[in-house]
Amino acid sequence: MRMSQLFVQTLREFPSDAEVMSHKLLVRAGYIRKLANGVYNYLPLMWRVLKKVENIIREEMDAAGAQELLMPFVQPAELWQDSGRWEVYGKELMRLKDRHNREMCLAPTHEEVVTAVAKEGVRSYKQLPLNLYHIQLKFRDEIRPRFGLLRGREFIMKDAYSFDADEEGLDKSYEIMAKAYTRIFERCGLETKMVQSDTGAIGGSVSHEYMVLVNEDTENNAGENDVFYCTKCGYSANSNHAVSILNPAETDGKFEKAEIIDTPNAHSIEELAKLLKVPASVICKCLIYVVDGKYVAALIRGDKTVEETKLMNAFAGNDIRIARNDEIEEIMKASGFNAIAGFIGPKGLKNVQIIADETVKELKNFVIGINQTDKHLVGANWGVDVELPEKIADIRLVEKNDKCVDCGAELKVTKGIEVGNIFKLGTKYSKAMNATFTDKDGKERPFIMGCYGIGVTRTAAAAVERHHDEFGIKWPLAIAPYTVVIVPVSDQDETQMKVAEEMYKKLLDAKVEVLLDDRSERAGVKLKDADLIGIPFRITVGKTIKDGLVEFKTRATNEMVTITPDEAVERILAL
Ligand code: ATP
Ligand code: MG
């Protein structure tokens with residue numbers, strides 16, 4: 001392709017609305033343009049990258065025995081009502097009506113449709129195992145679309161779904177997908193970590209995410225996930241799922257007797273601990289949340305933090321936020337109290353579901369709010385002064401330097417971008433949608449399912465996050481839009497142009513994806529663009545051509561060597 005013909009406009013500046021490098025660079029280098037919030041045009045260079053990512057995925061999925069099909073982007077509400085997700089999916093599900101007033105939605109994922117496909121097409125265990133996949137648009141009306149392609153509203157996903165006759169079959173299918181995923185990301189030039197994760201809105205029991213780890217201290221970090229990992233035994237998990245050994249509370253035996261004492265202005269745990277001269281771990285913290293519109297009081301040891309996804313999952317919820325002050329006021333009124341935030345306790349709360357983190361079970365002679373402003377109960381004990389809630393779960397956020405539950409070594413934390421996610425779904429969808437097959441003994445059984453997603457657009461953006469420098473993108477060869485760009489320094493110099501054209505022709509004939517920068521631009525502009533766009537190799541034809549030499553640059557390392565045009569062509573052909 002001649003650059004003079006290529007549809008690309010590079011910008012001199014980064015776009016003002018971009019926070020992270022992949023967003024900044026993909027816009028500036030002319031790969032994407034925003035159409036609406038979280039909705040992008042993938043321009044020709046981007047589309048070449050995306051097709052390469054897709055093809056790597058296709059090859060590995062096909063090799064793993066999966067079969068490609070294509071399922072619709074617009075789906076009828078009935079299927080979602082059958083699975084029970086029409087009600088619970090929330091605002092991310094973009095709902096619309098057709099001209100007959102029938103409810104439809106834009107696909108955020110395809111479990112419902114694929115389950116219907118298998119229900120119709122699979123009769124017998126003899127047709128199992130089966131793995132169906134497609135590469136398709138998704139739409140999620142994300143509350144905060146941001147970071148360009150990393151969190152769009154419309155994006156491209158590969159999603160695969162496995163159907164097995166039994167649990168052992170599912171284990172096998174899962175294992176095969178896990179291996180394929182590792183290979184896919186490796187081939188895309190991305191090192192990933194497979195981490196245990198929460199199963200979220202998709203459902204099921206076991207799930208792993210593939211994380212591209214990004215440096216924690218870079219500004220505007222694109223890694224939206226905290227990944228905890230053990231350096232000794234390899235345990236790793238998303239913070240929404242991570243567990244650790246609990247350090248014991250530092251009980252100092254200060255409050256032997258239960259009594260209500262004044263704690264003026266002690267709104268926070270820090271203030272309260274300071275005032276009472278006790279460690280935070282002898283305080284029982286009580287926080288009010290709203291889960292799917294219902295109030296929840298969460299109790300946790302004062303030195304620990306609530307992990308909101310864990311808390312939400314404990315109520316099988318889909319949406320969670322901390323309660324506002326006016327909502328706390330409302331709860332107080334309904335319960336016959338009038339305390340403000342900071343002095344709330346579980347005792348006597350009306351219309352509030354109460355849950356305790358496992359950390360509070362062992363507390364003795366502890367400090368707790370009693371719904372009286374500027375007062376706390378000290379020396380409290382479960383069953384004597386306050387009832388231990390029936391609902392107890394792990395809702396604690398793991399912290400760095402906590403100890404690994406598998407081996408006791410210290411956990412570390414890093415930021416990660418989730419590029420892929422695999423789930424063991426079990427029978428969640430097949431049961432709800434009555435999707436069954438006939439087993440060996442002639443009995444009808446629901447399919448045992450798994451599902452496996454890769455964000456195609458997010459993977460490409462993650463590659464930019466991992467591979468760039470201050471001059472631009474450094475595409476991994478396997479997903480670069482072109483392999484090499486030939487830059488004649490001056491389009492007015494006949495010799496330079498002749499050599500450039502000759503190399504261009506040789507490479508084209510050899511089916512190499514090559515760009516020739518034949519534009520009448522200043523040399524500086526052309527060289528800068530080549531770096532910005534991030535083509536893995538650049539051959540510059542300049543003054544040294546009179547000695548029969550060109551400059552060969554490897555973008556990944558920015559290494560440059562001076563060689564003959566033939567050698568330059570040879571190097572590319574040898575790749
Ligand atoms: P997240 O937690 O980042 O919102 P998710 O866990 O909801 O993502 P999945 O349902 O697991 O996403 O979807 C499979 C894959 O699709 C993800 O691993 C990710 O690569 C991609 N993906 C999900 N949401 C988006 C989005 N808004 N923009 C781009 N890619 C996305
Ligand atoms: Mg996910």
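The values are calculated or read from the model by the stated rules, or taken from the named source; none is laboratory data. Owing to the predicted nature of the structure, the values given are computational and were not obtained by experimental measurement. FYI the Cβ positions are ideal-geometry reconstructions off the backbone, even for glycines, and counts take in every protein chain you see. Just the protein is used for accessible areas: all its heavy atoms, side chains included, with ligands, DNA and RNA removed. Shrake-Rupley method; radii C 1.70, N 1.55, O 1.52, S 1.80 Å.
Worth a mention:
- Per DSSP, loop trypsin sites (Lys or Arg not before Pro) in region 31-115 with at most 10 further Cβ within 10 Å: R99
- By the rule of a second cysteine Cβ within less than 4.7 angstrom, the chain holds isolated cysteines at C105, C188, C284, C286, C451.
- Angle in degrees between helix 523-533 and the longest Cα principal axis of the chain, rounded to the nearest 10: 40
- Under the convention that each Lys and Arg Cβ holds +1 and each Asp and Glu Cβ holds -1, the size of the dipole of the chain around its Cα centre is about 840 debye.
- Axis angle, to the nearest 10 degrees, between helix 325-335 and the longest C-alpha principal axis of the chain: 30 degrees.
- Extension gain for the segment V88 to Q127, taken as residue separation times 0.36 nm less the Cα-Cα distance, is 10.8 nm to one decimal.
- Distance from the alpha carbon centroid of region 92-153 to that of region 403-445 works out to 18 angstrom.
- Here the Karplus relation 6.51 cos²θ - 1.76 cosθ + 1.60, evaluated at θ = phi - 60°, turns the backbone of region 419-432 into coupling constants of 9, x, 8, 10, 10, 8, 7, x, 10, 3, 7, 5, 5, 4 Hz, with x for every Gly and Pro.
- Selection of trypsin sites (Lys or Arg not before Pro), region 372-463, meeting DSSP coil and at most 13 other Cβ within 10 Å: K400, K440, K443
- Taking amide H atoms as placed 1.01 Å from N in the peptide plane, the amide H of L515 lies under 5 Å from those of V484, V485, I486, each 5 or more residues away in sequence or on another chain.
- Region 539-567-region 319-335 distance, computed between alpha-carbon centres (Å): 68
- Farthest toward positive dipole pole in the chain [+1 Lys/Arg, -1 Asp/Glu at C-beta], among V514, A298, M312: V514
- Lysine pair count for region 466-575 with Cα-Cα distance under 13 Å and sequence separation of 8 or more or different chains is 5.
- Dipole in debye (nearest 20) - region 23-131, about Cα centre, beta carbon charges: Lys, Arg +1; Asp, Glu -1: 640
- Calculated FRET efficiency for the pair E330/I260, C-beta based, R₀ 30 Å, to 0.05: 0.75
- Selection from M211, S197, G152 lying farthest towards where the dipole of region 128-218 points positive, charges on Cβ: G152
- Working note: Cα atoms of region 121-228, range along each principal axis, descending, whole Å: 54, 28, 27.
- Distant-in-sequence amide contacts of I354, defined by a placed amide H-H separation under 5 Å and a gap of 5 or more residues or a different chain, comprise A297.
- Database remark: amide H of L388 closer than 5 angstrom to the amide H of G383 (H placed geometrically; neighbours at sequence offset of 5 or more, or on other chains; Pro and chain starts carry no H).
- What the chain shows is 46 Å² of accessible area per residue, with the surface traced by a 1.4 Å probe over protein heavy atoms.
- Both radii were evaluated on the Cα set of the chain; the Rg over Rh quotient, with Rh as the Kirkwood radius, amounts to 1.06.
- FRET efficiency, 1/(1 + (r/R0)^6) with R0 41 Å, evaluated for Q492 and E59 via beta carbons: 0.40
- Spin-label model distance (nm) - E410 vs D509, 7 Å beyond Cα toward Cβ: 6.2
- Fraction of beta bridges assigned by DSSP in the chain that are antiparallel (%, nearest 5): 80
- MRE, 222 nm, helices only [DSSP H, n ≥ 4, -39500 (n - 2.57), over the chain, to nearest 500]: -8000 deg cm²/dmol
- Applied to region 254-261, the Karplus parametrisation 6.51 cos²θ - 1.76 cosθ + 1.60 on θ = phi - 60° returns per-residue 3J(HN,Hα) values of 6, 9, 7, 10, 6, 7, 8, 10 Hz, with x for Gly and Pro.
- Those aspartates and glutamates that a straight Cα-Cα span of less than 17 Å connects to K126, excepting residues fewer than 8 apart in one chain: D164, D166, E167, E168, D439, D441, E444
- Shown here for region 389-468: chymotrypsin sites (Phe, Trp or Tyr not before Pro) in loop regions (DSSP other than H, G, I, E, B) with at most 12 other Cβ atoms within 10 Å, of which there are none.
- Once the Cα atoms are used to define both axes, helix 44-63 deviates from the longest principal axis of the chain by about 70 degrees.
- Think of region 526-574 as having a plus end and a minus end, set by charges on the Cβ of Lys, Arg, Asp and Glu; of G542, L532, A568, L532 sits farthest toward the positive end of this dipole.
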